[in-house]
Amino acid sequence: MNRLVHSDKAPQALGPYSQALVAGEFVFTSGQVGIDPGTGCLAEGGVSAETRQALLNLTHVLEAAGATLDRVVKATVFLIDMGEFKEFNAAYAQFLGDHRPARSTVQVAALPAGARVEIEFVATRY
């Protein structure tokens, strides 16, 4: 049976979806942008700051699902501007440390709330 996941430490969903869903041993997160749940605003400082906040939000969602960042097996990243890939990648690598899940990165025309980056994960709970 699938279980919906919610964390008060991450921003509320911006639409009719859950922050994540547990299906068997897997956790599928919805995309997170760099919204600070305390202020409801995007992290200031460009794509680097938004990346760190999105990853922090995802960490809280994973914790609520019984998973951790080192259990992420796949990341999907949406960027507004591939010209910011290097800056995004540096913040991403710093946050994840030596953990290197599979990843796809695509450029998109727009993201919710005017965000520069959105990240979603697939993780295992065991």
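Numbers at a glance
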{"read-out": "Amide H contacts of GLN19 (H built 1.01 Å from N, under 5 Å, at least 5 apart or other chain)", "value": "VAL5"}
{"read-out": "Amide proton proximity set for GLN107, modelled H, under 5 Å, gap of 5+", "value": "LEU79"}
{"read-out": "At most 15 other Cβ within 10 Å, DSSP loop - GluC sites (Glu not before Pro), segment 27-120", "value": "GLU44"}
{"read-out": "On Cα atoms only, tilt of 46-65 relative to the major axis of the chain in degrees", "value": "0"}
{"read-out": "³J(HN,Hα), Karplus 6.51/-1.76/1.60, whole Hz, each residue of segment 92-106, x for Gly, Pro", "value": "4, 4, 5, 5, 7, x, 7, 6, 10, x, 4, 8, 10, 10, 10"}
{"read-out": "For segment 92-119 and segment 4-43, distance of Cα centres in Å", "value": "15"}
{"read-out": "Whether segment 53-121 is rounded, prolate or oblate, judged on the alpha carbon gyration tensor where a/c under 1.5 counts as rounded", "value": "prolate"}
{"read-out": "Neighbour net charge for SER18 - beta-carbon separation under 14 angstrom, K R +1, D E -1", "value": "-1"}
{"read-out": "Of VAL47, ALA65, ALA110, farthest towards positive along the dipole that unit charges on Lys, Arg, Asp, Glu beta carbons give segment 21-126", "value": "ALA65"}
{"read-out": "Beta bridges by DSSP in the chain, antiparallel share as percent, to the nearest 5", "value": "75"}
{"read-out": "Net charge, PHE78 excluded, C-beta distance under 10 Å - Lys, Arg +1, Asp, Glu -1", "value": "-1"}
{"read-out": "Rounded to the nearest 20 debye, dipole of segment 3-124 from Cβ charges on Lys, Arg, Asp, Glu", "value": "240"}
{"read-out": "Mean residue ellipticity (222 nm) of the chain, computed from DSSP H runs ≥ 4 via -39,500 (n - 2.57), nearest 500", "value": "-8500 deg cm²/dmol"}
{"read-out": "Extension gain from PHE85 to LEU21, taking 0.36 nm per residue of separation minus the Cα-Cα distance", "value": "20.2 nm"}
{"read-out": "Cα gyration tensor category, rounded, prolate or oblate, for segment 3-124 with a/c compared to 1.5", "value": "oblate"}
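Each reported figure results from applying straightforward, stated rules to the coordinates on display, with no laboratory input. Predicted model only: the values in this text are computed from it and were never measured. In this analysis, Cβ positions are derived from the backbone assuming ideal geometry, glycine residues included, and neighbour counts consider all displayed protein chains.
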